[in-house]
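Nothing in this text is a laboratory measurement; each read-out follows from the coordinates by a stated rule. Note that the structure is a prediction, hence the values are computed from the model and not measured. Quick reminder, even Gly has a Cβ in these numbers, built from the backbone with ideal geometry, and neighbours come from all protein chains shown.
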């Protein structure tokens, strides 16, 4: 059952995904979540770890979710209701349910609708944290559909020329199936850098790159320097001259589709702990021959990956490729958990009377 | 009829939009385009000029279109055919028709489908140049719908880490109605800067900003310098450290939806003169109450516009605001045409036996 061993000087444990998933599910169940929902939520978290998206995996997120359940901010038994619907659309009141559990279900509704009329598009309001956006988008792949997911997050990012955060990191994800190659899976925040990257830079004493952040007054920092005490996040593009109005505008699109369109507000209003989500599925067969499409995606991926690299660069990659490569490794070798995370697991298992089954 | 006067040392004429539209339509008709189609194409071009998007207006584009028609690359009487269809989708073979004329028609099909099932999504293959992407997206506004438009362009932009262009400038446009405020209208290339901005910088002897371009070998130029003889365009984000994988990935999304999904290839294959387009309409009433949505958009726009500006900045704007403000001015005062453009008009009118009616 357990396959774990020390791997590096950081004192990490390598844990098999199935074991980690079972433990996470057991903890969710102690929060009052049904077994089925707990298994789904565990799958979303462990998938993030398998794909190397540690920021959205077990180590980084489970504690927040446990806190959200125990403080009452997250509803363990949400009564999800479709409040408006058409053949291609639905708008759901997710009753403060955790996004990693409610959004896969919303995506399944979108997939069903796309199967019937070609496109399915579902908004989810009154919601909590989404987890890894690409998980939900990737749910469309096995149905030979293109999957899309966005989430309107509480504000942390400046608009272009602005001194106050008005938008969340508002990620956009899209998953597209290929034939023999791995799927194209784009999943990125519309901010210049992820917030946790800044935390890591500060911990390591690394310097900021120009354009990563604005100072506390909103002026983009365009020199190489240490991470300041107070700072603000910038949209992709960093400055107007470098195209930050593009990152800002795309973030607005996410706030409108995942926020305003739900009828439950948007990132800045009501703000935390609210989130709003958006998923969509496009049936490839409703546009063109599926087999031709997937073969062309193989050809397109091959072209992109075989682009001559710029001097000093090793290779050109395609969205979803690093995560695919990591998944191949971690599925076999296991997911590394830092000793500090292992200790947290031991503590929380003690508190909740869950058998600690990782070591 | 004519309202024109010299405005500035550059010797521009100010021309009323209606007069300009009539002249452009007459020229399209001489290319073999029907009056109805010619009027539509003229409206797209003049709308770009009215909104200050001169890069996609009459001065910059009409000559290319005339060349395309006379060389046989653009078909003046295309037989647009829906080759695959579902209640929410259609895929169109546009028979080498000019995008500024075929895509509004495709958008009308998307709007009709959205009216019936909530979402309409139409791909257009075997196509020619799109014009201003937001024109097509904005067509949804009067129907209380959100409009989307993307176009897969021939390659001119490097992938992250790449030394060879693989993607077009691949713009994304989205238009969203508000109640009393102007609509939110995002329309931006996924490249760091527009190609014509570089041309202007070179003409004016202006320096490059760091991150605008890569050198001819693909290395991003991160210093302030004059425009080099040979260069390459970068995706939004400029370098991997600043998030160019996001601009690159978004450009890929456009290439897939506007290219691969049409079944007629993608940006790099077959390349010029082919383009592929994608439009979509989302019916707001299929998600939430339209009046509530539009009121919330007013509130959201107000919040964004009233963000405290960063030091030295005048104000925070919302996508579509500068274009809306320009349209108010140019609708009244006229559209400026450089003398060189006026001369071209005189020449082409002579060649085609069209009455030159601008002065």
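At a glance:
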| read-out | value |
| --- | --- |
| Copy-to-copy label separations for residue B:180, where each label sits 7 Å from Cα toward Cβ, in nm and ascending | 6.2 |
| Cβ-vector label at 7 Å, residue A:322, separations to other copies in nm | 3.1 |
| Inter-probe distance in nm under a simple model that places probes 7 Å from Cα toward Cβ, at residue A:180 and residue A:36 | 4.0 nm |
| Average beta carbon contacts from partner chains per residue of A:248-260, 10 Å cutoff | 6 |
| Neighbour-count order for A:221, B:348, fewest beta carbons within 10 angstrom listed first | B:348, A:221 |
| Helix-only mean residue ellipticity at 222 nm for chain B, each DSSP H run of n ≥ 4 adding -39500 (n - 2.57), per residue, nearest 500 | -12000 deg cm²/dmol |
| Contour excess over end-to-end distance, with Cα ends at residue A:63 and residue A:324 and 0.36 nm allotted per residue | 91.4 nm |
| Relative contact order %, the stretch A:193-233, counting alpha carbon pairs below 8 Å whose residues are six or more apart | 39 percent |
| Percentage relative contact order, chain B, counting C-alpha pairs under 8 Å, at least six apart | 21 percent |
| Shape of the stretch B:59-160, Cα gyration tensor, a/c cut at 1.5 | prolate |
| Residue of A:235, A:78, A:104 that the Gaussian network model of chain A assigns the largest fluctuation, springs spanning Cα pairs under 10 Å | A:78 |
| Paramagnetic reach from residue B:215 in the stretch A:284-318 [backbone N under 20 Å; point 7 Å along Cα→Cβ] | A:308-316 |
| For peptides B:112-120, A:188-196, sequence by mean Cβ density within 10 Å, most packed first | B:112-120, A:188-196 |
| Gain on full stretching of the segment that runs from residue B:144 to residue B:240 - 0.36 nm per residue minus C-alpha separation | 30.7 nm |
| Residue with peak Gaussian network fluctuation, chain A [Cα springs, cutoff 10 Å], from A:231, A:278, A:266 | A:231 |
| Model label zone, residue A:291; criterion: amide N under 18 Å from point 7 Å along Cα-to-beta-carbon; scope the stretch B:238-277 | B:263-264 |
| Rounded, prolate or oblate (a/c below 1.5 giving rounded, otherwise prolate when a/b exceeds b/c) for chain B by Cα gyration tensor | rounded |
| Modelled FRET efficiency - R0 22 Å, residue B:194 with residue B:315, Cβ distances, 0.05 increments | 0.45 |
| For the stretch A:289-359: relative contact order, % (alpha-carbon pairs under 8 angstrom, 6 or more apart) | 14 percent |
| Potential extension, residue A:298-residue A:339 segment - 0.36 nm per residue separation minus Cα distance | 10.7 nm |
| Gyration tensor verdict on the stretch A:193-233 (Cα atoms; rounded if a/c is under 1.5, prolate if a/b is larger than b/c, oblate otherwise) | prolate |
| Inter-copy separations for residue A:64, label at 7 Å along Cα-Cβ, nm, ascending | 4.3 |
| Highest-MSF residue in chain A out of A:148, A:279, A:290 [GNM, Cα springs under 10 Å] | A:290 |
